[in-house]
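Nothing in this text is a laboratory measurement; each read-out follows from the coordinates by a stated rule. This is a predicted model, so every value here is computed, not measured. Don't worry about glycine lacking a Cβ; one is built from the backbone with ideal geometry, like all the others, and counts go over all protein chains shown.
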């Protein structure tokens, strides 16, 4: 049975209060604080017992032996998934502010995205990122088998840009040169003219019988195309370094330098992280939230990322994201990111 199903209502309420208080103060939370500031109508001993249970479950921990408790990444995950309540009125106020700050008579992609990033950073107090896309369409692709039996994919876009890369994690021995040529012909027939950002979401369930055996390979191939395209074709606009330095978690240079280096020098690693075409939903929102150790990049292990796609019609063009400490005001970040992505989608599509 999962942890969240083992929590009673009292456990959930005390976990929620502990996390909210820690987010607000950045100070470990003890039972005395919860008794004084929240109306639980139970004894301090009862709250200590519940906090002990939450600690054993891995949702809270003590940074020091004599300190109060703070949330773990897993505690934040349950808080985000099960315990927060999004404020519809707050979302409406954000939409009005976006209209006021971003509306302009004429705009370019870059100018609009830059204004959006500045707005998000100033309102959230965290780093805001917006990807500026290049909407490349596939013109031609070719699968080749090397002498060392590696499979190389060459793609040409409608702008005549050429990219090539090795296909990862494939059972190379199962493909001959003739099979790869047949697959190349098939893929050119099916995919020519499609946007590269669309490719990972294509459904291969209705493949002709003779291609059924290649379903897994095709899905992986298209994911590789999308990821490599992101690394080479997307640029980031970001703002909010000064805002993030005001957070206690980043007040020491060593705590922030790796993150800033990642943003300034290794943007090709960030883009695939925030541009995901299968959003993780919180309630009815269309956002992805990755918390602390859920991030696979080392400089991001002490951070949370809240991101959402913006579209032109049904085509995902790019993403909006906020990066902050795991001690993030998630309700506000979700509303900001979702509203900004919706505003950009509406503006671009209009």
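What the table shows:
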{"quantity": "Extension reserve of the residue 260-residue 242 stretch, reckoned as 0.36 nm per residue once the Cα distance is removed", "calculated": "5.4 nm"}
{"quantity": "Shape category assigned to segment 3-83 from the gyration tensor of Cα positions, a/c cut at 1.5", "calculated": "rounded"}
{"quantity": "Most to least packed among 66-76, 82-92 [average Cβ atoms within 10 Å]", "calculated": "66-76, 82-92"}
{"quantity": "Sequence ranges 300-307, 340-347, 51-58, 250-257, ranked by mean other-Cβ count within 10 angstrom, highest first", "calculated": "300-307, 340-347, 51-58, 250-257"}
